[in-house]
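Notes follow once the structure below has been shown.
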Amino acid sequence: MMPTFSALPPSVVVLSLGTMVLMLAITIKRSEIIDAVLTLLTLLVALAVLPMGAAPSALFAVDDWHRFSSALIILSSIGVLAMSWRDPTVREAHAPDEFYLLLLMSALGAVLMTAGRNDITFFIGLETLSLSLLGLIGYRQHRIEAGEAAMKYVVLSGVSSAILVFGFALSYAETGSLVFAAPHALHPVEPLLAAMATVLVMTGMFFKLSAVPFHTWLADVLEGTSIPVAALLSVVSKIGLFAAMLRYFAGFDLMTPGSVSDEVTAVALLSMIGGNLLAIGQTDLKRMLAGSSIAHIGYLMVALLAPGAFGLGSAGFYLAAYAAATIGAFAIMEAVSPNHTHLNSLQGLFRTRPALALGMAVMMASLAGIPPAVGFFAKVYVAVAGVSAHRDLLLAGLIVGSVMGLFYYLRVVRVMLMPATDEVSTGRIAAPGNAVLISALALVTLVLGVYPSLLIPRNPIHLGADVEAATLPVSTQTAIR
Amino acid sequence: MSVDFSVGLYGLIAIAATAMVITRARPVHALLYMVVALLALACLFDSLGAPFAAMLDVIVYAGAIMVLFVFVVMMINLGQPDETRERSWITPSNWFGPSVLAALLLTTLIFALGHGDAATGPNITEVGPTAVGMSLFGPYMLTVELASFLLLAGLVSAFHIGRALGEKR
């Protein structure tokens, strides 16, 4: 049976082994330093083995897209790890050890999702991620708001998983295969059933991605959790899901009008406008970033709806820019005040702690898409993809949404420029890990903004050309039926 | 009167019972209907040629998980005058509905079994435990291994959240 294991993506093997080693270490001795070092080592090794290949398999697709999105996921997890090290809100729980364990497992789930070529592989990855996130959201069990957030997350996550599985069941009934692809790509006999399956699967994914109109849970959940978990939720899980979504639609022609592309277009437009509208009214930074994250999912869907040379590349670039800026913003909030995330907590930051304020300004510029930061180029790239696919309506939405976004991103900068209030404490120094993280992310955001070609793959990434090859051998198919 | 008829009846019973589950105000009454709904689902699985899934449904869901639910509901809010309260929950009008549905289900099942094996319809091949095991530990072996991490994540999360608050540090 040993040859079977060589089909696993190498990073999945490393992350699984790391989880087991970490569990063993926790049973021997509970020590936060050992946990953090083991988690960091596992993530670094997982990153290092990404270029390695794997035996061909019907369950996993170890291709360039998997490598790229997994690298983003693992780097983001390292960022969250740096943020949560010495974080007082994590340490106030019963024991901080399981936090690292759940962090590793959520990375494992997200990486698995990006490699999922079979409905079952994808679903196991998704649920591993969701269940780890549930534990992380409710980690501070003695806090009433953490319980509320965990409850909201688990109910909505359960509902969306049920919708997703129902879609998979319809897709299996139609095509007789569990290949993770829109059933249209497999030449269905009954197009209506196939369209229903696709719409259900997408609705489940939109719930998890918190695209409008399935977004209501995100702001409440982010508000109730600690800052590192909020960063994990709005970056790692979204990268994993979006990467999987692109794979799902790889063999599907989204350019032809129909129920499926109409739904994606409508959700993209609603997310771009709705997310920004939600963020404008917020005075809490976490809720504001929740709205911003919803809007960015909408921008990303423009790339999804623009297949061709630009679509995949712009989606990857946008994901990287979004991840860097969002994690950076959360890390600065963590450094300023871990417990108090009202907009007022940033007041006068340019006078009291200019370095942090400058970092925050860079992150906000990147999220808003203002030139020296990488977010500008990411938005241009997505817009070019949209133009090349003649998505005029979506481009209008992108522009309106970006203008609305400017208002609240620049409001953060304005608050930081205001005179400092007396109650602002200046004594707290950022934890070393967090300081390194913030400066690294600010540097990345600026350098990639000036030299964006560093992140653009030289050869276009191909995805899903081998949908037929992903089907299991016929004999096993009939055995399952 | 054919296999189709009994399949339709199972489906109707499942829908009716589920509708009752989500409209009951008291959890205990909802759980009684939920057991019936799961049994109807098991009958449906069996008539579609999946006896193994049907047995799992009866043993795991209708059996173990439902008993656990009923147990938890009964254990919660201890300390009040329980006996009188519980007696008021289980009045004849409350167990009548689930019993009727269950009896209907049993009649249909006996009828269907009497009229030949349900799993011999035109497009139905029976999938027994062997076939399920062969695919789980054949092509899907790696997903079975990875599912253990899914269970681990659930276990760690549940254990951490469920840990008594008094145990802090």
Are any of the residues in region A:196-218 crowded, with 23+ Cβ neighbours inside 10 Å, away from chain B (no Cβ under 14 Å), on the phi > 0 side of the Ramachandran plot and under 23 Å from the mean Cα position of the chain (by Cα)? yes
Residues satisfying the stated conditions in region A:124-133, i.e. polar (S, T, N, Q) and more than 8 Å from chain B (Cβ to nearest Cβ): A:Ser130
Can you pull out every residue in region B:10-59 that is over 21 Å from B:Phe71 (Cβ atoms) and in contact with a Ser or Thr (Cβ under 7 Å, 6 or more places away or on another chain)? B:Tyr10, B:Ser47, B:Gly49
A:Ala7 meets each of (1) within 27 Å of the chain's Cα centre (by Cα); (2) more than 13 Å from chain B (Cβ to nearest Cβ); (3) over 24 Å from A:Leu437 (Cα atoms) with one exception, condition (2)
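Yes/no matrix, rows are residues, columns are (1) aliphatic (A, V, I, L, M); (2) within 9 Å of another protein chain (Cβ to nearest Cβ); (3) free of Cβ contacts under 8 Å to residues at least 12 places away in the same chain:
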| position | (1), (2), (3) |
| --- | --- |
| A:Arg86 | no, no, no |
| A:Thr89 | no, no, no |
| A:Ala107 | yes, no, no |
| A:Arg117 | no, no, no |
| A:Phe122 | no, no, no |
| A:Gly135 | no, yes, no |
Taking the options A:Ile34, A:Ile26, name whichever one is in contact with an Asp or Glu (Cβ under 6 Å, 6 or more places away or on another chain) and part of a helix (DSSP H, G or I). A:Ile26
Please verify whether region A:298-306 includes one or more residues that are within 25 Å of A:Val436 (Cβ to Cβ) and assigned to a helix (DSSP H, G or I). no
Of the residues in region B:133-158 that are in a helix (DSSP H, G or I) and more than 8 Å from chain A (Cβ to nearest Cβ), the one that is nearest to the chain's Cα centre (by Cα) is B:Leu151
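Residue-by-condition table, conditions (1) surrounded by fewer than 24 Cβ atoms within 10 Å (Cβ to Cβ); (2) touching a Pro at 6+ places or on another chain (Cβ under 7 Å); (3) at pLDDT 90 or above:
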residue: A:Leu44; (1), (2), (3): yes, no, yes
residue: A:Ser69; (1), (2), (3): no, no, yes
residue: A:Ala93; (1), (2), (3): yes, no, no
residue: A:Leu103; (1), (2), (3): no, no, yes
residue: A:Ala107; (1), (2), (3): no, no, yes
residue: A:Ser132; (1), (2), (3): no, no, yes
Identify all residues within region A:137-153 that are crowded, with 19+ Cβ neighbours inside 10 Å and more than 8 Å from chain B (Cβ to nearest Cβ); write none if there are none. A:Ile137, A:Arg140, A:Ala146, A:Ala149, A:Tyr153
B:Ala54 being surrounded by fewer than 17 Cβ atoms within 10 Å (Cβ to Cβ) and at pLDDT 80 or above: no
Residue check: is A:Leu50 more than 10 Å from chain B (Cβ to nearest Cβ), in contact (Cβ under 8 Å) with a residue 40 or more places away in the chain and not in a helix (DSSP H, G or I)? yes
What residue, among those in region B:1-49 that are hydrophobic (A, V, I, L, M, F, W, C) and not in a helix (DSSP H, G or I), is nearest to the chain's Cα centre (by Cα)? B:Leu48
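Which of the residues spanning region A:53-83 are within 14 Å of chain B (Cβ to nearest Cβ) and β-branched (Val, Ile, Thr)?
Once the filter is applied, which keeps residues that are within 14 Å of chain B (Cβ to nearest Cβ) and β-branched (Val, Ile, Thr), region A:53-83 yields only A:Val62.
Let's see how each residue does on (1) farther than 24 Å from B:Ser135 by Cβ; (2) in contact (Cβ under 8 Å) with a residue 60 or more places away in the chain:
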site	(1), (2)
B:Gly8	yes, no
B:Ala14	yes, no
B:Thr18	yes, no
B:Ala25	yes, no
B:Val36	yes, yes
B:Leu44	no, no
B:Phe52	no, yes
B:Val58	no, no
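The values are calculated or read from the model by the stated rules, or taken from the named source; none is laboratory data. All values derive from a computational prediction rather than experimental measurement. Please note: Cβ atoms are built from the backbone with ideal geometry, for glycine as well, and neighbour counts cover all protein chains shown.
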